Amino acid sequence: MCRLFGFRSSVPTAVHPSLVTEKNSLLQQSREHKDGWGIATYEAGERPLVAHGLGPAYCDPDFERVSSRVSSRTVVAHLRLASVGAVEKRNAHPFHHGRWCFVHNGTLKNFARHKAVVEALIRPELLANIQGATDSERCFYLFLTRLSERQCLVGPACVEKVARALAETMELVSAITDEPGQDRSSMNFLVTNGDVMVATRRNRTLFLSDTAPETGKRPHRMHAGPPKPGTQLEQFVLASEQLSGEDHWHVIDEEDVVGVDNGLVLHRWKVQDLYTRP
């Protein structure tokens, strides 16, 4: 298992509390998820800035140093507990291609046996970019393959097309790897191009918050509970575990896809509504 964190904001915001100082920050979670860390941020340039470490984040001073300097509209972070592939930089999340970043919390079942079949679904020119040995990196390039059939990988992205491509990736992979009588492949995916951000939940926990990690300031809403689809948010935060004991964390349901578009408008779907197996 791994742990993931995604953050989108209307204004640049520090995420140091979520990564380091919250009661259940990623720093604390790294005592269990100890096989490296990665942080991607989107600044003024077209491509994300990505930092990796190969040791446990809680005893790596670079993790806190990088975390303390991050103030951005878009941040993706990951803690790895290796299941497929050695602990080395080429296997470290986030994976990135152009403006796109991708992290995965989960494992594909019997991946070594199914690797060639999964790779056969990836466009050859994208497959050539794979550097590591992980199931996660192959899921990323399968996602890009599916997305490229709907839109250009460069430039603005449509949140629904991104969600459909991610749902298709889940369903295609599960059709290959899931076997009767065994646990299903776990595929919590999170992907962003710095503007659109979309995540899936499958066989792992995932939580949503719309409270700023820096200040804890809660949004003004007429009703308690999670924000409703169609709501324009100021903050959009996703995490594998609740980062604090506060009640502003909301469970994402199994087989759900959740995301925000360029304007930080919230969207939610069920996987089966986005992709129907032929």
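The values are calculated or read from the model by the stated rules, or taken from the named source; none is laboratory data. Just so we're clear, the structure is a prediction, and the values are computed from it rather than from any experiment. Cβ coordinates were reconstructed from backbone atoms using ideal geometry, including for glycine residues, and neighbour counts include every protein chain displayed.
Please work out if Asp183 is at pLDDT 95 or above and in a loop (DSSP other than H, G, I, E, B). Answer is no for this residue.
Taken over the range 172-203, the criterion of being surrounded by fewer than 22 Cβ atoms within 10 Å (Cβ to Cβ) and in contact with a strand residue (DSSP E or B) (Cβ under 9 Å, 6 or more places away or on another chain) is satisfied by Ser186, Asp195, Asn203. Among the residues of the range 230-273, the ones that are surrounded by 16 or more Cβ atoms within 10 Å (Cβ to Cβ), assigned to a loop (DSSP other than H, G, I, E, B), touching an Asp or Glu at 6+ places or on another chain (Cβ under 6 Å) and not small (Gly, Ala, Ser) come to 2 in all. Scanning the range 1-46 for residues that are of a type in the set (Ser, Thr, Tyr) and in contact with a Phe, Trp or Tyr (Cβ under 8 Å, 6 or more places away or on another chain) yields Ser9, Thr13, Ser18, Ser30.
When you scan the range 159-171, do you find a residue that is at pLDDT 95 or above, in contact with a helix residue (DSSP H, G or I) (Cβ under 7 Å, 6 or more places away or on another chain), surrounded by fewer than 19 Cβ atoms within 10 Å (Cβ to Cβ) and part of a loop (DSSP other than H, G, I, E, B), even just one? No: the range 159-171 contains no residue that is at pLDDT 95 or above, in contact with a helix residue (DSSP H, G or I) (Cβ under 7 Å, 6 or more places away or on another chain), surrounded by fewer than 19 Cβ atoms within 10 Å (Cβ to Cβ) and part of a loop (DSSP other than H, G, I, E, B).
Pull up the range 55-85, narrow it to residues that are β-branched (Val, Ile, Thr) and surrounded by 19 or more Cβ atoms within 10 Å (Cβ to Cβ), then point me to the one that is nearest to Asn262 (Cα to Cα). Here the answer is Thr74. Here Val198 clears all of (1) under 30 Å from Glu234 (Cβ atoms); (2) without any contact (Cβ under 8 Å) to a residue 60 or more places away in the chain except the condition numbered (2).
Any residue in the range 89-97 that is in a loop (DSSP other than H, G, I, E, B) and basic (Lys, Arg)? Checked against the condition, which is being in a loop (DSSP other than H, G, I, E, B) and basic (Lys, Arg), the range 89-97 yields no hits at all. May I ask you to list the residues in the range 113-158 that are among the charged types (D, E, K, R) and either out of contact with any helix residue (DSSP H, G or I) (no Cβ under 9 Å at 6 or more places or on another chain) or closer than 22 Å to Asp261 by Cα (or both)? Result: Glu125, Arg146, Glu149, Arg150. Look at the range 159-180: where a residue is closer than 16 Å to Lys115 by Cα and touching a residue at least 40 places away in the same chain (Cβ under 8 Å) and a partner is of a type in the set (A, V, I, L, M) and surrounded by fewer than 21 Cβ atoms within 10 Å (Cβ to Cβ), sitting 6+ places away or on another chain with Cβ atoms under 7 Å, you get Leu172/Leu121; Val173/Val118; Ile176/Val117; Ile176/Val118. The single residue among His33, His52 that is part of a loop (DSSP other than H, G, I, E, B), touching a strand residue (DSSP E or B) at 6+ places or on another chain (Cβ under 9 Å) and crowded, with 17+ Cβ neighbours inside 10 Å turns out to be His33. In this structure, Arg65 does satisfy being without any contact (Cβ under 8 Å) to a residue 24 or more places away in the chain and within 17 Å of Ser25 (Cβ to Cβ). Annotation: of all residues in the range 1-30 being small (Gly, Ala, Ser) and buried (at least 17 other Cβ atoms within 10 Å of the Cβ), the one that is farthest from Thr231 (Cα to Cα) is Ser30. Ala44 falls short on exactly one of the conditions (1) farther than 26 Å from Pro17 by Cα; (2) assigned to a loop (DSSP other than H, G, I, E, B); (3) free of Cβ contacts under 8 Å to residues at least 40 places away in the same chain, and that condition is (1). For the range 67-101, the set of residues classified as β-branched (Val, Ile, Thr) and within 16 Å of the chain's Cα centre (by Cα) consists of Thr74, Val75, Val76, listed by residue number.
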